[in-house]
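Q: I am attaching a structure below and will ask some questions about it afterwards.
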Amino acid sequence: MNTQKKVAILLSGGGSNMVKLVESMGPDHPARPVLVMSNDPQAGGLQKAAALGVATDAVDHRPFGKDRAAFEAALIEKLDAVQPDIICLAGFMRILTEGFIRHYEGRMLNIHPSLLPKYKGLHTHARALEAGDTEAGCSVHEVTAELDDGPILGQARVAILPGDTPETLAARVLVEEHKLYPAMLREFATRG
Ligand code: GAR
């Protein structure tokens, strides 16, 4: 019997973090990827996941309009069909309601591109530059009902350099995200 925990990954964009997570889950890993899901059927990350041999699916959020509960019910139905032990948000850009989060409480992780508790929400790198910070980074945390607020599992830091723009800083932080998230997933899957 396969004792590896089942991981579902949710993304909205290019999915570079998803690729690193999937690549990290080899045969000796405590978890394995079973599904990559997106709210955007055109998300580049879905093709990358398929190329890696992982099942993919999407629930387009647009037809649901403002009805977040109905969108999330459709998402939950597809996710629960594969009975995930762990959900990884990896650049998933829809705000999730408390109902969804409670459904997966204690088994959902997120990567956020700031040194939480600083800069919850969007435009983290521009805000760090505007504030005159000397360092930036990323955080992996458990997802709780409050946005970007759950227990922090780990962080990685980078220096902010003279001349940095939000783009150059994002690229430097992303390199660290690609190391931090796989490390934190392994730890979480081992302990849980
Ligand atoms: C990453 O930088 C991730 O930290 C960020 O989106 C990017 C996704 O890149 N997530 C958030 O801002 C969540 N609010 P990727 O699709 O290449 O992994």
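Q: So which pairs qualify, if the first residue must be in the range 150-170 and closer than 30 Å to Arg102 by Cβ, the second must be surrounded by fewer than 18 Cβ atoms within 10 Å (Cβ to Cβ) and of a type outside the set (Asp, Glu), the Cβ gap must be under 6 Å, and the two must be at least 6 apart or on different chains?
A: From residues that are closer than 30 Å to Arg102 by Cβ, the pairs are Gly150/Thr144.
Q: Within the range 48-87, how many residues turn out to be over 17 Å from the mean Cα position of the chain (by Cα) and either buried (at least 19 other Cβ atoms within 10 Å of the Cβ) or over 18 Å from Lys5 (Cα atoms) (or both)?
A: Of the residues in that region, 18 qualify.
Q: So, in the range 121-134, of the ones that are outside any loop (DSSP other than H, G, I, E, B) and within 11 Å of the ligand (Cβ to nearest atom), which residue ends up most open to solvent (accessible area, probe 1.4 Å)?
A: Only one residue tops the list, namely His125.
Q: If you don't mind, there's one more thing I want to ask. Would you point out the residue of the range 156-178, among those that are part of a strand (DSSP E or B) and either within 12 Å of the ligand (Cβ to nearest atom) or among the hydrophobic types (A, V, I, L, M, F, W, C) (or both), that is nearest to Met18 (Cα to Cα)?
A: Ala156
Q: A further question on this structure: Of the numbered conditions (1) free of Cβ contacts under 8 Å to residues at least 40 places away in the same chain; (2) surrounded by 18 or more Cβ atoms within 10 Å (Cβ to Cβ); (3) assigned to a loop (DSSP other than H, G, I, E, B), Gly137 satisfies every one except a single condition; which is it?
A: (3)
Q: While we're here: Residue by residue through the range 140-174, note down the ones that are at pLDDT below 95 and open to solvent by 50 Å² or more (accessible area, probe 1.4 Å).
A: Scanning the range 140-174 gives Glu146, Leu147, Asp149.
Q: Against the conditions (1) more than 14 Å from the ligand (Cβ to nearest atom); (2) closer than 26 Å to Leu153 by Cα; (3) in contact with an Asp or Glu (Cβ under 6 Å, 6 or more places away or on another chain), where does Val82 fall short? Just the number, please.
A: (3)
Per-residue answers, yes or no, for (1) within 16 Å of the ligand (Cβ to nearest atom); (2) small (Gly, Ala, Ser); (3) farther than 15 Å from Leu79 by Cβ; (4) free of Cβ contacts under 8 Å to residues at least 60 places away in the same chain:
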| residue | (1), (2), (3), (4) |
| --- | --- |
| Val7 | yes, no, no, no |
| Leu11 | yes, no, no, no |
| Leu21 | yes, no, yes, no |
| Pro27 | no, no, yes, yes |
| Pro30 | no, no, yes, no |
| Leu35 | no, no, no, yes |
| Gln42 | yes, no, yes, yes |
| Leu52 | yes, no, yes, yes |
| Thr56 | yes, no, no, yes |
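Q: Could you say whether any residue in the range 4-19 is within 24 Å of Ala183 (Cβ to Cβ), of a type in the set (D, E, K, R) and surrounded by 20 or more Cβ atoms within 10 Å (Cβ to Cβ)?
A: yes
Q: Out of the strands (runs of 3 or more DSSP E) lying entirely within the range 1-101, which hold 1 or more residues that are of a type in the set (Lys, Arg) and more than 18 Å from Leu147 (Cβ to Cβ)?
A: Per the criteria, 5-11, 31-38.
The values are calculated or read from the model by the stated rules, or taken from the named source; none is laboratory data. From a predicted model like this one, the values you see are computed outputs, not experimental measurements. FYI the Cβ positions are ideal-geometry reconstructions off the backbone, even for glycines, and counts take in every protein chain you see. Keep in mind that these areas ignore ligands, DNA and RNA; they rest on the heavy atoms of the full protein, side chains included. Shrake-Rupley method; radii C 1.70, N 1.55, O 1.52, S 1.80 Å.
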